[in-house]
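Just so it is clear, none of the values below were taken in a lab; they were calculated from the coordinates. If you're wondering where the values come from, they're calculated on a predicted model, not measured in any experiment. No Cβ is skipped: glycine too gets one built from the backbone with ideal geometry, and neighbour counts run over all protein chains shown.
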Amino acid sequence: MSRPMRADAQRNRARILAAAGVVFAEGGATASTEEVARRAGVAIGTVFRHFPTKDDLVRALLKRLLEELTAAAADLDGRPGGLLALFELIVERTAANRTVVEVLAAEVPLAGPLGTLSAAADRLLQQGQAAGELRESVRIDAVMALLAGVTQAALSSPPDLRRRALDIVFTGLRRTPSAAPPPQTRTG
């Protein structure tokens, strides 16, 4: 069993992750760990003590971001339009943070956190379907594929285009009003 992390080590880890969030948001996953160390105010060796490889640092950052998005999905649980609100939140975060897209659109080994986000989105989908808001034929695999595509597009789209694209996606997800029942005819 590992010992608990010292308070100063916990602070350094938190500073490294906060700096990595900024650095990777600006430069994507190819940003430099040296820049992360500089912005965190620690030596590069401190970064590598906490995260032996750059991939470990990116994974930790992405895991934290996915956990934040999953927590946001939990806050939307039971609310009308929860799945659509989650879409908007993720697209908004994507426009400001490239690493969210990289985790959703690329094959990053984060099955646990990504699976948890997918499960939270699935709950919102099922709630929307039960409430009659969303099409019954929509499945979570299609939702996650749409989410990956929309978030990828959000990187290079101005806000008005993102909004219009979301409107199109939402139109496709929403349940269409049933055709009006045929008029009642009187007999005899």
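Here the spin labels are modelled as points 7 Å beyond Cα on the Cα-Cβ line, and at A142 and L155 they lie 2.6 nm apart.
Only Lys, Arg, Asp and Glu carry charge here, each on its Cβ (+1 for the first two, -1 for the last two); on that basis the stretch 1-61 has a dipole of about 320 debye about its Cα centre.
Full extension of the chain between D56 and L89 yields a length gain of 9.3 nm, computed as 0.36 nm times the residue separation minus the alpha carbon distance. At an R0 of 25 angstrom, the distance between the Cβ atoms of R11 and S32 translates into a FRET efficiency of 0.65. Available extension along the chain between A130 and T171 is 13.0 nm, counting 0.36 nm per residue and deducting the alpha carbon span.
Temperature 37 °C, viscosity 0.692 mPa s: under these conditions the Stokes-Einstein estimate for the stretch 1-91, based on its Kirkwood radius over C-alpha pairs, is 225 µm² per second.
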